[in-house]
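What follows is a single structure, written as structure tokens, with notes after it.
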Amino acid sequence: MKHFLSLENIDKDVLLSLINEAVLFKKDRPSYGRLFLDGKSVALLFEKPSTRTRVSFEVGVLEMGGKTIFLSSFEVGLGKREAIKDVARTLSRYVHALIIRTFAHSSVEELAAYSTVPVINALSDFLHPCQALSDMFTIRERFGRLEGINLCFIGDANNVFRSLAYACAKLGVRMHYACPKKYGPDSGFVEKINSIAQENGYGEILSGSNDLKEAVAESDVLYTDVWASMGQEKELLERQKAFASYQINEQLLFVAKEDAVVMHCLPAHRGEEITDEIIESPRSIVFDQAENRLHMQKAVLTRVLGQEGM
């Protein structure tokens with residue numbers, strides 16, 4: 001696995017091995033893997049602001065003995081101040097891996113096409129694979145399994161949704177989504193996900209509904225995200241109106257299974273997509289999710305750099 005850009009083309013066995021590696025990192029932090037990145041430097045190219053992604057990657061590299069170099073949009077100006085292919089080939093001469101958090105997914109793909117060192121997608125407008133795989137780790141940690149778990153995603157078909165769908169298709173998690181009709185995935189994407197699930201030995205795993213209570217019924221996991229992602233600020237009022245009834249609150253959680261848990265990739269807009277009471281409740285595993293980003297990203301870094309299990 002040279003690059004980590006999307007979960008779509010990564011085999012099920014590799015995804016499971018990454019989860020298993022993340023378990024080891026969490027179980028024995030920071031002793032496990034403390035020299036995996038000794039003498040290595042990793043560049044973080046961030047066009048979007050971040051709390052969890054930046055800190056988890058920087059701490060992860062530090063705990064494995066490496067060093068990070070943070071480059072903001074003002075310093076690099078991908079595709080504006082300098083061509084992406086020039087940035088990729090130049091930085092490849094300096095560092096051992098590139099981590100990019102950007103707007104256009106095409107920027108991730110172009111960086112990887114010209115880089116001679118591994119590229120990790122830390123978020124694009126289309127995908128968020130680090131988040132989704134960390135979420136699979138968190139779900140397995142909570143329930144002891146992934147196959148047969150029912151996950152309900154409440155929100156629009158954004159980058160987190162797409163990456164979760166790929167992960168669910170590979171790992172046997174049944175995924176139901178609930179959102180206003182305008183904001184759901186297109187039929188082609190749903191067919192693609194269900195085809196991937198069938199290739200991996202599962203039936204159709206992705207389905208949706210505009211009826212929130214119907215979607216949540218029998219769910220083990222209720223997952224939500226902000227109604228307007230970065231870059232969609234102009235749509236905020238329209239989205240707030242459309243999603244007003246799609247909130248995770250006590251009444252909705254009552255419809256799900258008794259042991260159902262709540263997940264949110266953060267940052268959360270408390271009082272909009274999720275209430276303060278729910279995010280602070282014992283059934284919230286939101287901050288387990290946040291922590292597990294660190295352990296999973298360590299596993300991804302060591303895999304692409306060929307250092308796992310040293």
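Restricting attention to the stretch 210-265, the residues that are farther than 30 Å from PRO49 by Cβ, among the basic types (Lys, Arg) and modelled with pLDDT under 95 add up to 1.
Would you call ARG145 without any contact (Cβ under 8 Å) to a residue 40 or more places away in the chain and under 30 Å from GLU258 (Cα atoms)?
On the way: without any contact (Cβ under 8 Å) to a residue 40 or more places away in the chain: yes; under 30 Å from GLU258 (Cα atoms): yes.
When the stated conditions are applied, ARG145 passes them.
What tally of residues in the stretch 125-161 results from selecting those that are assigned to a helix (DSSP H, G or I) and small (Gly, Ala, Ser)? Qualifying residue count for the region: 2. Of everything in the stretch 210-234, what is over 28 Å from VAL173 (Cα atoms) and surrounded by 15 or more Cβ atoms within 10 Å (Cβ to Cβ)? Give them in sequence order. GLN232, the sole residue that qualifies.
In the stretch 32-54, the qualifying residues are those that are under 27 Å from GLY231 (Cα atoms), in contact with a Lys or Arg (Cβ under 9 Å, 6 or more places away or on another chain) and among the polar types (S, T, N, Q), and the one that is surrounded by the fewest Cβ atoms within 10 Å (Cβ to Cβ) is SER50. A Cβ distance below 6 Å, combined with a sequence gap of six or more or placement on separate chains, defines the contacts here; from the stretch 31-60, residues that are closer than 14 Å to THR302 by Cα reach residues that are modelled with pLDDT of 95 or more and of a type in the set (D, E, K, R) in the pairs SER41/LYS67; GLY60/LYS298. Among the residues here, ARG29 qualifies as in a loop (DSSP other than H, G, I, E, B), within 23 Å of the chain's Cα centre (by Cα), in the same structural domain as HIS96 (by TED's automatic domain parsing) and surrounded by 14 or more Cβ atoms within 10 Å (Cβ to Cβ). What number of residues within the stretch 263-302 satisfy the criterion of being among the basic types (Lys, Arg), surrounded by fewer than 19 Cβ atoms within 10 Å (Cβ to Cβ) and out of contact with any Asp or Glu (no Cβ under 7 Å at 6 or more places or on another chain)? Total meeting the criteria: 1.
Across the stretch 203-256, what is the number of residues that are under 21 Å from GLY148 (Cα atoms) and either among the β-branched types (Val, Ile, Thr) or touching a residue at least 40 places away in the same chain (Cβ under 8 Å) (or both)? The total comes to 15.
Against the list (1) of a type in the set (S, T, N, Q); (2) within 23 Å of GLU291 (Cα to Cα); (3) surrounded by fewer than 18 Cβ atoms within 10 Å (Cβ to Cβ), the condition SER187 fails is (2).
Per-residue answers, yes or no, for (1) small (Gly, Ala, Ser); (2) under 24 Å from ALA122 (Cα atoms); (3) crowded, with 21+ Cβ neighbours inside 10 Å; (4) more than 17 Å from the chain's Cα centre (by Cα):
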{"residue": "ARG140", "(1), (2), (3), (4)": "no, yes, no, no"}
{"residue": "PHE143", "(1), (2), (3), (4)": "no, no, no, yes"}
{"residue": "GLU147", "(1), (2), (3), (4)": "no, no, no, yes"}
{"residue": "CYS152", "(1), (2), (3), (4)": "no, yes, yes, no"}
{"residue": "GLY155", "(1), (2), (3), (4)": "yes, yes, yes, no"}
{"residue": "ASN158", "(1), (2), (3), (4)": "no, yes, yes, no"}
{"residue": "ALA165", "(1), (2), (3), (4)": "yes, yes, yes, no"}
{"residue": "LEU171", "(1), (2), (3), (4)": "no, yes, yes, no"}
{"residue": "TYR177", "(1), (2), (3), (4)": "no, yes, yes, no"}
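Restricting VAL42, VAL14 to those that are in a strand (DSSP E or B) and at pLDDT 95 or above reduces the list to VAL42.
Against the numbered list (1) in contact (Cβ under 8 Å) with a residue 40 or more places away in the chain; (2) within 26 Å of ASP135 (Cα to Cα), HIS96 comes up short only at (2). The condition (being farther than 18 Å from HIS128 by Cα, charged (D, E, K, R) and outside the structural domain of ARG162 (by TED's automatic domain parsing)) is satisfied by just one residue among ARG81, ARG52: ARG81.
I'd like to know if the stretch 229-244 contains one or more residues that are touching a helix residue (DSSP H, G or I) at 6+ places or on another chain (Cβ under 6 Å) and not β-branched (Val, Ile, Thr). Spell out the reasoning first.
So the first thing to find is which residues in the stretch 229-244 are touching a helix residue (DSSP H, G or I) at 6+ places or on another chain (Cβ under 6 Å), and the list is none.
Within the stretch 229-244 (the criterion being touching a helix residue (DSSP H, G or I) at 6+ places or on another chain (Cβ under 6 Å) and not β-branched (Val, Ile, Thr)), the answer is no, since none of the residues qualifies.
Scanning the stretch 55-67 for residues that are crowded, with 21+ Cβ neighbours inside 10 Å and either of a type outside the set (Phe, Trp, Tyr) or over 20 Å from HIS128 (Cα atoms) (or both) yields SER56, GLY60, VAL61, MET64, GLY66.
Only one entry of ALA88, ALA113 meets the criterion of being surrounded by fewer than 20 Cβ atoms within 10 Å (Cβ to Cβ), assigned to a helix (DSSP H, G or I), more than 16 Å from the chain's Cα centre (by Cα) and modelled with pLDDT of 95 or more, and that entry is ALA113.
The values are calculated or read from the model by the stated rules, or taken from the named source; none is laboratory data. Computed from a predicted structure; not experimentally measured. Methodologically, a virtual Cβ is constructed for each residue, glycine included, from the backbone with ideal geometry; neighbour enumeration extends over all protein chains shown.
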